Amino acid sequence: MNRLVRVLRFATLTAAAIAGIVVLMMWLAGFWAEKTPPGPPTPPQSPLAAGLPMMTVQPVQVALTNEAIGTIRAEHEIALSSRLPMPAQVALMKAAPGDVVPAGELLVRLNDSQLRAQLAAAQANLTLAKDDNERITRLNREGHAAPREITTAASNLAMAQAKYDEASALLGYAEIRAPGGLASQPDAATPDAPKHWFVIDRYAEVGDTAQPGQPLVRLFDRLQLTAVVPESLRPHIEIGQSVAVRIDALNKECVGRINEIVPQASEQSRSFQVKVTGPCQPGVIVGMFARMKVPTGQTELELQVPQAAIRRVGQLTSVFVERDGRLVRQFVQTGREAGDKVVVSSGLSAGDRILTDAAKATSD
């Protein structure tokens, strides 16, 4: 009898323990809690404080563009060399890479002491030849000069004048100045002549010996974008047209003007070259990668929000949207930048009210 009682007591205790464990597990699993309907998880929310900067997202109509890639190059580039027929020492070097120099500015002076001596000697010979020619001319008027003397005096004067002119020109070659016109016409004063030049590099220092024809300074006048444009975009461009140019390295977009369309297309790539002057200066340098945006005449609607409205955490981007008087964090995908705004490609709809400064949100 006692044995049966002990068995029943053990069985009762075991069953009670198992039942307690089952009830505890059901409670932890939320069996008796209010059920949440299925659907995406609700983002964390925070009360919408008064006075926060808000805006209603509205679609903006923008022109569609196609991009043509290219490289920033010099429109005109020139190397200034020694034009003296003999070696000469560099006495002055004012050009340094990166300098902006006005047209006609003195950049290099070569040692001209020998040239000045030659000019002085030529001046003396010219003076003697003039005096002798005047004397012979006077005698000829008096009838006391032979024809041979007249011819010799005139010939000596012409030779002395030529030597003086040569010595004077050589002395002028000792000074090397920034051209006053286009690179193809360095001395021309035309309306398109550059007013300033940019020093790319120099190849000599003070004290070096410059050989005849040796380049000493390299300059360019203006920068231009040389873009490779597909044939299909030819109807959308013309000379004088203003186009947007983006320099990725500078994170900068600016406007240039098409000044040349090369009238020859590549048979392999089915594209041609277009040259655009004036993009993103100053700041841009020769050799930079750039994109030219060609408007195609079509338009589309896109959603743009202020850059400050975007919160970036790693690769995730989000904005704060008003929902029932509260701020809700909404993840979005962004596209291109448009000045101080950014295009939102997904995650927002027209009419949504968003916080324009994500830094003022009270909660993530």
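Observations
- Length released on extending from Ser232 to Glu260, taking residue separation times 0.36 nm less the Cα-Cα span: 8.3 nm
- Divide the volume of the convex hull around the Cα atoms of the chain by the residue count and you get 341 Å³ per residue.
- Efficiency of FRET between Glu267 and Tyr173 - r from beta-carbon atoms, R0 35 angstrom, step 0.05: 0.15
- GNM flexibility winner over the chain from His144, His196, His236 (Cα, springs under 10 Å): His144
- In a DSSP loop and with at most 13 other Cβ atoms within 10 Å, the trypsin sites (Lys or Arg not before Pro) in the stretch 191-291 are Lys195, Arg270.
- Computed [θ] at 222 nm, helices only, for the chain once each DSSP H run of length n ≥ 4 contributes -39500 (n - 2.57): -8500 deg cm²/dmol
- With the simple model of a label 7 Å out from the Cα in the direction of the Cβ, Thr277 to Asp201 spans 2.6 nm.
- Full extension of the segment from Arg148 to Gln330, taken as 0.36 nm per residue of separation minus the current Cα-Cα distance, would add 54.9 nm.
- Prolate/oblate/rounded call for the stretch 77-220, Cα gyration tensor, a/c under 1.5 rounded: prolate
- Sparsely packed GluC sites (Glu not before Pro) within the stretch 219-320, loop by DSSP, other Cβ within 10 Å at most 15: Glu238, Glu267
- Here the extension length gained between Ala11 and Arg135 equals 29.2 nm, from 0.36 nm per residue of separation less the Cα-Cα distance.
- The mean sequence distance of close C-alpha pairs (under 8 Å, at least 6 residues apart), as a share of the length of the chain, puts its relative contact order at 25 percent.
- Residues of the chain were split at every exposed loop site, defined as chymotrypsin sites (Phe, Trp or Tyr not before Pro) in a DSSP loop with at most 11 other C-beta atoms within 10 angstrom, and the longest piece left, sites excluded, is 33-364.
- Residue order for Lys360, Lys163, fewest other beta carbons within 10 angstrom first, comes to Lys360, Lys163.
Any read-out appearing in this document is the output of simple, stated calculations on the displayed coordinates, not a laboratory observation. Treat the numbers as computed from the prediction; the structure is a model and nothing was measured. So basically every Cβ, Gly included, is an ideal-geometry build from the backbone, and we count neighbours across all protein chains shown.
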